[in-house]
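Here's the structure we're looking at; comments come further down.
The values are calculated or read from the model by the stated rules, or taken from the named source; none is laboratory data. Source: prediction; values computed, not measured. Note that each Cβ is placed from the backbone with ideal geometry, even for glycine, and that neighbours are counted across all protein chains shown. Calculation scope for accessible area: heavy atoms of the full protein, side chains included, ligands and nucleic acids excluded. Shrake-Rupley method; radii C 1.70, N 1.55, O 1.52, S 1.80 Å.
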Amino acid sequence: MRKKEQPMPYISCIIAAAGRGSRMQTDVNKIFLEFAGMPVLAHTLLAFERHPAIREIVIVTSECDLLGCKDIAEEFGISKLKTITLGGAERQDSVRHALCEVSAQADLVLIHDAARPLVTGQIIQNVIDGVLAHGAAAAGVPCKNTLKLADDSGMIVETPDRSHMFEIQTPQGFTKELICRAHESAEAEQILGTDDCYLAERLGAPVQITESSYANIKITTPEDLPLAEQLFNMQAESE
């Protein structure tokens, strides 16, 4: 008797694109700025469009950027786009709104910042594997710098062990049941978390840190665009 193959999980991806990015020193949402011949958002969407395990994409953005997101999705042939929905006052509100648009048959949900355009298929797969194994996972890299804990006056009070410290990125992934329950709980208790992992951690859920890359940067300041282009070209040369 051949072992019956497990059905592939239905994986949805929420792209958080509602931030304004004041540190970019521009009136335009940073996801519309270009490097390597494409807008930041196009690079991000194509990474998930090309991943075979991703079944649908939900973009959450501000009202003024709805048309811009729609135009980019159409121009670059994002066939997995399910919908573009409106965000809220905080990123957490935006993700909660987007969760309402995820398909009922979804098993897993990945949440990714639109401003991280250099995410690779391997990083995405690592997070998916972590969710399948543990129920929740987040891309991360070991901290390079020595970290210090300071008091209110700025005086060092502790030096944490760097070997156990990680910089957490996106994507972050969860079973649909877990992340919906985590957001419902946070809303009911008026908790504003630093990221989606924190909301899952509040419920006692284990979250695995999966291997990512220091190249998976978030576009935040004007200096990040030329850096992103350089990293993009390096990735292209290595393929």
Restricting region 31-93 to GluC sites (Glu not before Pro) in coil, as DSSP defines it, with at most 13 other Cβ within 10 Å: Glu90
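Does region 128-189 classify as rounded, prolate or oblate by the C-alpha gyration tensor (a ≥ b ≥ c root eigenvalues; a/c under 1.5 gives rounded; else a/b over b/c gives prolate, otherwise oblate)?
Oblate, because a/c is 1.5 or more while a/b does not exceed b/c.
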The chain: equivalent-ellipsoid semi-axes (sqrt of 5 x gyration tensor eigenvalues, Cα, Å): 26, 24, 20
Region 42-151 - Rg and Dmax from Cα coordinates, angstrom: 15.6, 51
In Hz, Karplus ³J(HN,Hα) per residue of region 118-130 (6.51, -1.76, 1.60; θ = phi - 60°; x = Gly, Pro): 9, 4, 9, x, 5, 4, 4, 5, 4, 5, 4, 4, x
Lysine-lysine proximity count for the chain, Cα under 20 Å, sequence distance 8 or more or distinct chains: 7
Selected from Pro171, Pro117, Pro222 as most flexible by GNM, with the chain as the system and alpha-carbon contacts under 10 Å: Pro222
Rounded Å value of the spacing that divides the Cα centres of region 64-83 and region 127-188: 30
Built amide H within the under 5 Å cut-off of Thr85, gap 5+: Ile59, Val60, Thr61
Magnitude of the charge dipole, region 188-239, Cβ model with Lys/Arg +1 and Asp/Glu -1, debye to 20: 180
Farthest toward positive dipole pole in the chain [+1 Lys/Arg, -1 Asp/Glu at C-beta], among Gly130, Cys69, Ser238: Gly130
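Taking region 148-236, which chymotrypsin sites (Phe, Trp or Tyr not before Pro) meet the DSSP loop condition and have no more than 14 other C-beta atoms within 10 Å? Walk me through the numbers on the way to the answer.
Numbers: sites: Phe166, Phe174, Tyr198, Tyr214, Phe232; in loops: Tyr214.
Listed in order of number, the matching sites are Tyr214.
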In Hz, Karplus ³J(HN,Hα) per residue of region 99-109 (6.51, -1.76, 1.60; θ = phi - 60°; x = Gly, Pro): 4, 5, 9, 5, 4, 4, 7, 5, 9, 10, 10
Shape category assigned to region 174-239 from the gyration tensor of Cα positions, a/c cut at 1.5: prolate
Glu167 long-range amide H proximity, modeled H, under 5 Å: Val141, Cys143
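If you build the convex hull over the alpha carbons only and average its shadow over all orientations, what do you get for region 106-239? Give it in nm² to one decimal.
10.6
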Carbon and sulfur %, accessible surface of the chain computed with the full protein complex present, 1.4 Å: 51
Expected 222 nm ellipticity per residue - DSSP helices of 4 or more, -39500 (n - 2.57), all of the chain, to 500: -10000 deg cm²/dmol
Cβ-Cβ FRET estimate between Ser79 and Glu239, R0 fixed at 25 Å, reported to 0.05: 0.65
Mean Cα-pair separation over length for the chain, i.e. relative contact order, pairs under 8 Å, 6 or more apart, %: 23
Cα Rg over Rh - region 19-68, Kirkwood: 1.01
Cα-centre dipole for the chain with unit charges at Cβ (Lys and Arg positive, Asp and Glu negative), debye to 20: 680
